[in-house]
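This report concerns only the one structure given below.
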Amino acid sequence: MDLELSQDQELLSESVAGIFRRQAGLERAREMNGTLDRPLLDALRDGGYLDVGLDAGPIEAVLVAEAATEAVACAPIATRVIVAGLLGIKDLPPVIGLVASPRSLVRYATDADAFLVLDGDEAKLVLAGDAEVEPVASISGYPLGRVQVRGGTSLGPASGDALRRAWQVAIGVEIGANTLAAVEFSANHVRERKQFGRPIGSFQAVQHRLARSYAQAQATRWLSRRAAWFADNEFVTASAAAFGCLTAETAYTNVHQVTGAIGITTEYGLVQWTTRLLTLQRELGGRRSHAQRVAAARAAELAATAG
Amino acid sequence: VRDAEAKGIDVTDPGLAEVIGLAYATCEAARSMNYAAVNERVHHPDGGRHLSAVSRTITGPMETTVAQACHDILGEEAMEAGTDANRQLITGTSAPIAAGSLEVQLNLIARSSLGLPNS
């Protein structure tokens, strides 16, 4: 087993990071104020990055999604590169919304060109013209809406399972990257902020909160990369989402506790990552649902081995 | 889980399934982190090996999580001597202490990965 990035993967990471440095980041997210960043998506499409999951592979898709998430890109990039990539759907438009049920809240629903919809055992591709979208005001870091679909094209038998697994991978990837960015942002704060004549980051009570969340974020990242590689195995994909939810829950508390009052202001910026964590940890049924999927997948594996 | 099934406990109960699933997920996170730490050791033998402390920070509490899950699943029967749950309790209690306590690992991460000042 060799987990080092190849030369091509390193080059991909560097080039996509350059795009996000120029066209994304905290200042840009503030400017966008919860709306879709079309120019960023256009740049990614023109550079061929949106189809990297199809053209290069799942790890390449994850690398692009991680960079996008850390840079608080205001577009559903993980959905497009990871979920659509793992499902092997070609010629998709840039903005895709994911729909778990008619009641669920869908990211970028009002901007979506098309939706991938869980419908029992099947997944469907529904164009925006065949969907009714109701925007929902929220505290999320994403624009949200409810989506009612009519018709759509089935992606085939058992495609619902494949969509759910790919979505679990994306949740894990986004939580890992969001948490790492939030922890590093908070670490900058505690290095500078002084109390009792010392940076507050020199106190173990502060250090341990951030260190614990950093470790959980790294574990989420590596488990999610593994899940992308083994995307047919729900034991692994649901584990990535379930552990990601634990990570998000702890990180939200930890980074806000150590940054104090300034951390919860919109001007400061930390909430750009943490409100997204709140959304991600509730998507697709949240921790409880992912964990039950893990247990069911493991029981099925053991039954198959015994049989 | 096998022990619970043998005792007639319904491990498909949604509440227990959640506990079981989270325990498995935590194990898989630790496994992935261990792979990453070994990979770092192999490819960067002279580097800071930051992921070793991260790996230990996940693995120690994982053992505790699994011990708690065993007790949640088996209930008071987990207190019987000589059971797997009993053995896991010992592992789960000692894992965050052994080979450099959890707090030492957190100190290492704070300094080497997050660049926080000495306390």
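Rule-based calculations on the coordinates, nothing more; no lab input. The model shown is predicted, which means the values in this text are computed figures rather than measured ones. Virtual Cβ from ideal backbone geometry, glycine too; neighbours counted across all protein chains shown.
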**Message:** Pick from A:PHE196, A:PHE230, A:PHE243 the residue whose mean-square fluctuation is largest in a GNM of chain A, springs joining Cα atoms under 10 Å.
**Reply:** A:PHE196
**Request:** For every helix of n ≥ 4 consecutive DSSP H residues, a contribution of -39,500 (n - 2.57) applies; sum these over chain B, divide by its total residues, and give [θ] at 222 nm rounded to the nearest 500 deg cm²/dmol.
**Result:** -21500 deg cm²/dmol
**Message:** Need the full-extension length gain, A:ARG103 to A:ASP121, defined as separation in residues times 0.36 nm minus the C-alpha distance. One decimal, nm.
**Reply:** 4.7 nm
**Asked** By how many nm would the segment from A:ARG198 to A:GLU301 lengthen if fully extended, with 0.36 nm per residue of separation less the alpha-carbon distance?
**Response** 31.7 nm
**Message:** Relative contact order of region A:133-290, please, whole-number percent, based on alpha carbon pairs below 8 angstrom and at least 6 residues apart.
**Reply:** 31 percent
**Message:** What translational diffusion coefficient, to the nearest whole µm²/s, does region A:1-131 have by Stokes-Einstein, given a Kirkwood radius computed over alpha-carbon pairs, a temperature of 10 °C and 1.306 mPa s viscosity?
**Reply:** 104 µm²/s
**Item:** Convex hull per residue volume in Å³, alpha carbons only, for chain B
**Value:** 127 Å³
**Asked** Which value in deg cm²/dmol, rounded to the nearest 500, describes the helix-derived mean residue ellipticity at 222 nm for chain A, given -39,500 (n - 2.57) per DSSP H run of n ≥ 4 and division by the residue count?
**Response** -19000 deg cm²/dmol
**Item:** A:THR266 paired with A:SER15, simple spin-label distance in nm, labels 7 Å along Cα-to-beta-carbon
**Value:** 3.7 nm
**Request:** Rank these for me by crowding, A:MET32, B:MET33, B:MET62, going from fewest to most other beta carbons within 10 Å.
**Result:** A:MET32, B:MET62, B:MET33
**Message:** Run the reach check for A:LYS90 against lysines, Cα to Cα strictly under 24 Å, same-chain hits fewer than 8 apart removed. What comes back?
**Reply:** A:LYS124
**Complete:** Expected integer from the mean partner chain Cβ neighbour count at 10 Å over B:100-107 is 3
**Request:** Would you calculate the separation in nanometres between label points at B:HIS43 and A:ASP42, each defined as 7 Å from the Cα along the Cα-to-beta-carbon direction?
**Result:** 3.7 nm
**Request:** Kindly state, to the nearest 0.05, the FRET efficiency for B:SER94 paired with A:GLN148, given R0 = 41 Å and r defined as their beta-carbon distance.
**Result:** 0.15
**Item:** Two-decimal Rg/Rh across region B:1-69, once Rg and the Kirkwood Rh are taken from alpha-carbon atoms
**Value:** 1.18
**Fill in**
Per-residue Cβ contact counts at 10 Å, fewest first, order B:ARG2, A:ARG80, A:ARG191, A:ARG164 as B:ARG2, A:ARG191, A:ARG164, A:ARG80
**Request:** Answer rounded, prolate or oblate for region A:123-187, using the Cα gyration tensor with square roots of eigenvalues a ≥ b ≥ c: rounded when a/c is under 1.5, else prolate when a/b is larger than b/c, else oblate.
**Result:** oblate
**Asked** Can you give me the pair-distance distribution of the protein assembly as shown, C-alpha pairs, 20 Å bins, whole percents?
**Response** 26, 57, 17, 0
**Asked** With axes computed from alpha carbons, what is the tilt in degrees of helix A:234-263 against the longest principal axis of chain A, rounded to the nearest 10 within 0 to 90?
**Response** 30 degrees
**Asked** Across peptide A:293-300, what mean number of C-beta atoms from other chains lies inside 10 Å of a residue's C-beta?
**Response** 6
**Asked** Which whole-number percent is the relative contact order of region A:210-291 (Cα, under 8 Å, 6+ apart)?
**Response** 32 percent
**Item:** Computed label-point distance, nm, for sites B:ALA81 and B:SER112 using a 7 Å Cα→Cβ extension
**Value:** 4.2 nm
**Asked** Using modelled backbone amide H atoms (1.01 Å from N, in-plane), which distant-in-sequence or interchain residues come within less than 5 Å of A:ASP119's amide H?
**Response** A:LYS124
**Request:** For B:LYS7, go through the aspartates and glutamates and keep the ones whose alpha-carbon is under 17 Å away, minus same-chain ones fewer than eight residues off.
**Result:** B:ASP72, B:GLU76, B:GLU77, B:GLU80, B:ASP84
**Computed over chain A: relative contact order in percent, which uses C-alpha pairs under 8 Å that are six or more apart** = 15 percent
**Message:** Using a 10 Å cut-off around each Cβ, can you sort A:THR265, A:THR275 from fewest to most neighbouring Cβ atoms?
**Reply:** A:THR265, A:THR275
